[in-house]
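> Have a look at the structure that comes next, please.
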Amino acid sequence: MADDAGARTQLTAVHGPPELSGGEQVILAALRLWAGLRLSGEAPQPCVRRLMAEQVSDRAGAIFVALMEALERQTRRPLQIACGACSGYGEDEQRLIVACGVSRVDMRTARALLVPLVSQPEPVAIFARALNMVLSHEGLDLPVRMTDGPRPVCGRPAGATLH
């Protein structure tokens, strides 16, 4: 099942910077797949959700699709997304990935990162935080990269069941 972290297959299609964590690599792959499908005129939702479900969980797929739909509804300009074969990543990709990472500890910074991309950053930042939490639950923590201190721990009690 997709929720089983041990059964997760490795991403091979993404060629992002090697310094990115596993969670960041998954987000980058999904962003690039979304953009590629949009450019080819296809609806990205089913394919991207399936990718996220295979790599992380169905919840992560649903939240990522909701994040991208919220972003597209109010985008200020076309997003600059690198092709899947690029080894680096663009400023818009960085903004989205970092916003997902910092949203867990600082929503103000997450919103500020999203302001150049969307007219109302709050809904996108909320989805970014939800995606962060699901990735963390699945063992793919997103680094905050704001300080050298320890990362915050999940706010739910150990062993809590999520429904």
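The values are calculated or read from the model by the stated rules, or taken from the named source; none is laboratory data. What you see is a predicted model; the values in this text were computed from it and never measured. Every residue, glycine among them, receives a Cβ derived from its backbone with ideal geometry; neighbour counts consider all protein chains shown. Note: accessible area is taken over every heavy atom of the protein model, side chains too, but ligands, DNA and RNA are not part of it. Shrake-Rupley method; radii C 1.70, N 1.55, O 1.52, S 1.80 Å.
> In the range 26-71, what percent of the accessible surface is made up of carbon and sulfur (1.4 Å probe, ligands and nucleic acids excluded)?
Working: 980 of 1670 Å².
Ligands and nucleic acids excluded, carbon and sulfur give 59 percent.
> Testing the spin-label approximation: label points 7 Å from Cα along Cα→Cβ at residue 76 and residue 115. State their distance in nm.
Inter-label distance under the simple model: 0.8 nm.
> Working out 0.36 nm times the residue gap between residue 39 and residue 19, then minus their Cα-Cα distance, what length gain in nm do you get to one decimal?
Details: separation 20, 0.36 × 20 = 7.20 nm, distance 2.78 nm.
Roughly 4.4 nm would be gained on extension.
> What's the local net charge at residue 120, with K and R +1, D and E -1, over the other residues with C-beta under 14 Å away?
On the way: positive: 73, 76, 111; negative: 69, 72, 122.
Every neighbour counted, the sum reads 0.
> Note down the accessible area of residue 107, probe 1.4 Å, to the nearest 10 Å².
40
> With charges set only on the Cβ (+1 for Lys and Arg, -1 for Asp and Glu), what does the dipole of the range 51-132 come to about its Cα centre, in debye to the nearest 20? Write out the running numbers ahead of the final one.
Values: 9 positive and 9 negative charges, 60 e Å.
Once rounded to the nearest 20, the dipole reads 280 debye.
> Next question. In what order, largest first, do 127, 64 sit by accessible area if the probe radius is 1.4 Å? Write out the running numbers ahead of the final one.
Values: 127 65, 64 5 Å².
Ranked from most to least accessible, the order is 127, 64.
> Note down the accessible area of residue 49, probe 1.4 Å, to the nearest 10 Å².
Here the residue's solvent-accessible area equals roughly 90 Å².
> Hey, can you rank 96-103, 119-126, 38-45 by average C-beta count inside 10 Å, highest first? Each step should come with its number before you reach the end.
Working: 96-103: 25.4, 119-126: 18.2, 38-45: 12.4.
Ranking, from highest mean packing down: 96-103, 119-126, 38-45.
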